[in-house]
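Visitor: Please find one structure pasted underneath; my questions will follow.
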Amino acid sequence: MNRIAFVLLFAAVAGPAFAHTGHAEAQGFLAGALHPFGGADHVLAMLAAGLWAGIAGARAALMWPAAFLGAMAAGFSIAVSGTGLPAAEAVIAVSVVALGAAAAFDARPPVAIGATVCGLFAFFHGAAHGTEMPANAAAIAYSAGFLLSTALLLGTGLVAVLTGRLARVAALGAAVAGLALPAA
């Protein structure tokens, strides 16, 4: 398992060499794929959401990550259209604490409510991705990149649940780390 994680990490970090011009789509994809890893807030929230979905199990394990990805894409679209969201960074910080705590304390709301919570927080994450998109990046390629990385982080959280109690400890760690984010 560690070897797979190691290979995925290097594959995500390695940048291809572009010897010719005209690769804006690929650069947009790479920039998008790397963006979620550029901030602890995004990494922790996505891992916590995956942990929570995995701990809740059953339909939540599929529906909550799907809601996260869909709402993230919607938030990105809103930001790219020029609409800003008030207090986005504060909501993102709260998302780390809330999602981590929900997983750590085994919150099991109905699937629709959990999907709504995941979607609400993901909407703000997506808006932040859209706001921070490089000016020369192709929006579709960039969004495909960060959605793929987000799916990998959510999936990592889901798979981590197989480790048993360690998943709840990791989720609690994410929640506690989230308390420090507004001060950063």
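Laboratory data are not the source of any read-out in this text; all were calculated from the coordinates shown. The shown structure was predicted, so the numbers you read here are calculated from the model rather than taken from an experiment. Cβ placement follows ideal geometry from the backbone for every residue including glycine, while neighbour counts extend to all protein chains displayed.
Visitor: Among 163, 50, 92, whose Cα sits farthest toward the positive end of the charge dipole of segment 27-183 (+1 at Cβ of Lys/Arg, -1 at Cβ of Asp/Glu, about the Cα centre)?
Guide: 163
Visitor: Additional query: Over segment 70-123, what is the mean sequence separation of C-alpha contacts under 8 Å (at least six apart), divided by residue count, expressed as relative contact order in percent?
Guide: Relative contact order here is 70 percent.
Visitor: Next question. Label residue 163 and residue 105 with points 7 Å out from Cα along Cα→Cβ: what is the distance between them in nm?
Guide: 2.3 nm
Visitor: Still on this structure, I have one more. How large is ³J(HN,Hα), in whole Hz, for each residue of segment 145-153 in order, when computed from phi with the Karplus curve 6.51 cos²θ - 1.76 cosθ + 1.60 and θ = phi - 60°, using x for Gly and Pro?
Guide: With the stated coefficients, segment 145-153 comes to x, 6, 5, 5, 5, 5, 4, 5, 5 Hz.
Visitor: Oh, and also: Would you kindly derive the ³J(HN,Hα) couplings of segment 91-102 from the backbone phi angles with the Karplus curve 6.51 cos²θ - 1.76 cosθ + 1.60 (θ = phi - 60°), listing them in order in whole Hz, with x for Gly and Pro?
Guide: Each residue of segment 91-102 in turn: 5, 4, 5, 4, 4, 5, 5, 5, 5, x, 5, 4 Hz.
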